[in-house]
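The numbers here are math on the coordinates, done by the rules we state, and not lab data. For clarity, every value in this text was computed on a predicted model and none was experimentally measured. For neighbour counting, all protein chains shown are included, and Cβ atoms are generated from backbone atoms with ideal geometry for every residue, glycine included.
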Amino acid sequence: MNADCGFMAAELKYFQAWPDDALLAVSTHFFADVELTEKERDACITMCQEFHTSTQELSVEFFKRLGRYNYVTPMSYLELINTFKDLLSKKRQEVLMGKSRYEVGIEKLDSAAGEVSVMQEELVALQPQLVVAANQVQEMVAKVEKESLDVAEERIFFIKNIL
């Protein structure tokens, strides 16, 4: 048990907290290649520093209350930054894919609106022809009805004279 406590104390001393200027330098270096505005970059750097520092403070409180230590190492800070960069990249890709789908949808709607407009123009242009065709159909129906009556009369005449 004494060996474990001595080892823990040695570990606690080994993982010294980075000063704020070191956190700033590291995060500035790692965020240099990320496409961000200066305001966004500064906010990300501040956020990562705050997350790391507050995690260190909460780890001390955790140790005081429960006697267990959560190690917050320099590597933890690097992992935080890299995880944030990966998440940012994935979310940007999702946004770009959503934007692309949205743009394709808008293009399809514009295309459909153009096609509807063309069809409406064609309908307007065909309207006189449709009126003429409708009149011709009515004349044809009237002619067929008249011929049907004539045929019926001839049939009746034929049946009466032959029988």
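In table form, for the structure just shown:
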read-out	value
Pairs with Cβ under 7 Å, 6+ apart, first in region 25-48 and without any contact (Cβ under 8 Å) to a residue 40 or more places away in the chain and surrounded by 13 or more Cβ atoms within 10 Å (Cβ to Cβ), second in a helix (DSSP H, G or I) and small (Gly, Ala, Ser)	45/27; 48/27
Residues of region 49-103 that turn out to be aliphatic (A, V, I, L, M), surrounded by fewer than 12 Cβ atoms within 10 Å (Cβ to Cβ) and under 23 Å from residue 28 (Cα atoms), as a count	2
Qualifying position, being exposed (fewer than 10 other Cβ atoms within 10 Å of the Cβ) and β-branched (Val, Ile, Thr), among 131, 137, 141, 124	124
